[in-house]
Amino acid sequence: MYVGEQHRYRSRTKTYLKPNRPKACSIAGYVQLRTDRTYSSKGGTALYYRRSLHCGPINIPPLTNMEATGCRLAMTGHSTLVIVSVYLPSPKRLLRRDLRALFALGDAVILFGDFNCKNIRWGCPSNNYNGIKLDELEDRLDFGIIAPSTSTCFPHVVTHRPSTIDIALTKGVALNFNSIETIHGLTSDHRPVILKMGPPDGGRPIPIRKITNWKECRPRLRKSTLQTSIAFPMTSRLQTRLTLP
């Protein structure tokens, strides 16, 4: 993940980096934070932030199935923002305790990366276990799901359909979300995703898919409608006009 100017964030997971190469993939002008997978090949997460930002590393609590790297960003006009680059390997299941541990890192948290959660709500052709689980946990843990309007994963196997598994989860964030965009200029099976936040810059907004949980919305609207009544005094003149002959 890259944290740059104007609150722009790019997801970067599955780095494949190992501790024996501490300076690998360094970028001039950026601080690199990494969580390398040491018990097997592949995996790993990384986060980059501009040296000019008031940003610093954060300790990630022990997680069961997720891999993550995080930082704190001090901002003007907003509480400290916790940003976490996340990777959930596809064979492993999404666990509630992992999400709760990450959301407990601060009052305003963004989790961004490859969740391997497929759900038709955010543009996938079908659901998997993790996608159904994430859908259920959205209300229980009180977070939001933001997904780009185009697919992020394009499998090399032609029989496998593209899906949207690189998404953002937000909790307690008061910033305006301008856009979340998939970049299709690269040939990798996982396309980079850019999330832009902050006040609108006046340009035409890029399509964004904010997920509405209609299962939770309907009963709340019904309850609100049933319990709300409007009372107003009726004058004698109005009462006379409304009286049927």
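The values are calculated or read from the model by the stated rules, or taken from the named source; none is laboratory data. Since the model is a prediction, treat every value here as computed from it, not as a measurement. Cβ atoms come from the backbone with ideal geometry, glycine included; neighbour counts cover every protein chain shown.
Per the listing GLY77, GLY106, the residue uniquely without any contact (Cβ under 8 Å) to a residue 12 or more places away in the chain, over 21 Å from LYS133 (Cβ atoms) and of a type outside the set (S, T, N, Q) is GLY77.
A single member of ASP114, ASP107, ASP98, ASP142 is under 21 Å from LEU195 (Cα atoms) and buried (at least 17 other Cβ atoms within 10 Å of the Cβ), and it is ASP114.
The C-beta contact set for the stretch 126-144 (first residue closer than 17 Å to ILE110 by Cα, second residue among the acidic types (Asp, Glu), distance under 7 angstrom, 6+ apart or interchain) comprises ASP139/GLU216. Evaluate the following for LYS92: is it in contact (Cβ under 8 Å) with a residue 24 or more places away in the chain, surrounded by fewer than 19 Cβ atoms within 10 Å (Cβ to Cβ) and farther than 25 Å from GLY56 by Cβ? Against the criterion (in contact (Cβ under 8 Å) with a residue 24 or more places away in the chain, surrounded by fewer than 19 Cβ atoms within 10 Å (Cβ to Cβ) and farther than 25 Å from GLY56 by Cβ), LYS92 qualifies.
Yes/no per residue for (1) buried (at least 17 other Cβ atoms within 10 Å of the Cβ); (2) of a type in the set (Val, Ile, Thr); (3) over 20 Å from ARG97 (Cα atoms); (4) modelled with pLDDT of 95 or more:
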site	(1), (2), (3), (4)
TYR129	no, no, no, yes
ILE146	yes, yes, yes, no
CYS153	yes, no, yes, no
THR159	no, yes, yes, no
ALA174	no, no, yes, no
ASN178	yes, no, yes, no
GLY185	no, no, yes, no
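The set of residues in the stretch 11-25 being in contact with a Phe, Trp or Tyr (Cβ under 9 Å, 6 or more places away or on another chain) and either small (Gly, Ala, Ser) or modelled with pLDDT of 80 or more (or both) consists of SER11 alone. Please work out if ARG121 is more than 18 Å from TYR87 (Cα to Cα) and touching a Ser or Thr at 6+ places or on another chain (Cβ under 9 Å). Taking the combined requirement at face value, the residue satisfies it. Scanning the stretch 46-79 for residues that are of a type in the set (S, T, N, Q) and in a loop (DSSP other than H, G, I, E, B) yields SER52, ASN59, THR64, ASN65, THR76.
Once the stretch 62-88 is narrowed to residues that are out of contact with any strand residue (DSSP E or B) (no Cβ under 8 Å at 6 or more places or on another chain) and surrounded by 14 or more Cβ atoms within 10 Å (Cβ to Cβ), the residue that is nearest to PRO192 (Cα to Cα) is ASN65.
Restricting the first member to the stretch 187-204 and to residues that are more than 29 Å from TYR87 (Cα to Cα), and the second to residues that are at pLDDT 75 or above and surrounded by 16 or more Cβ atoms within 10 Å (Cβ to Cβ), the beta-carbon pairs closer than 7 Å and six or more apart or on different chains are PRO200/ASN178. Those residues that are under 21 Å from LYS196 (Cβ atoms) and part of a loop (DSSP other than H, G, I, E, B), I need them from the stretch 150-179; list them, please. Scanning the stretch 150-179 gives THR150, SER151, THR152, THR164, ILE165, GLY172, VAL173, ALA174, LEU175, ASN176. Residues in the stretch 80-94 that are within 17 Å of THR170 (Cα to Cα) and in a loop (DSSP other than H, G, I, E, B): LEU88, LEU94.
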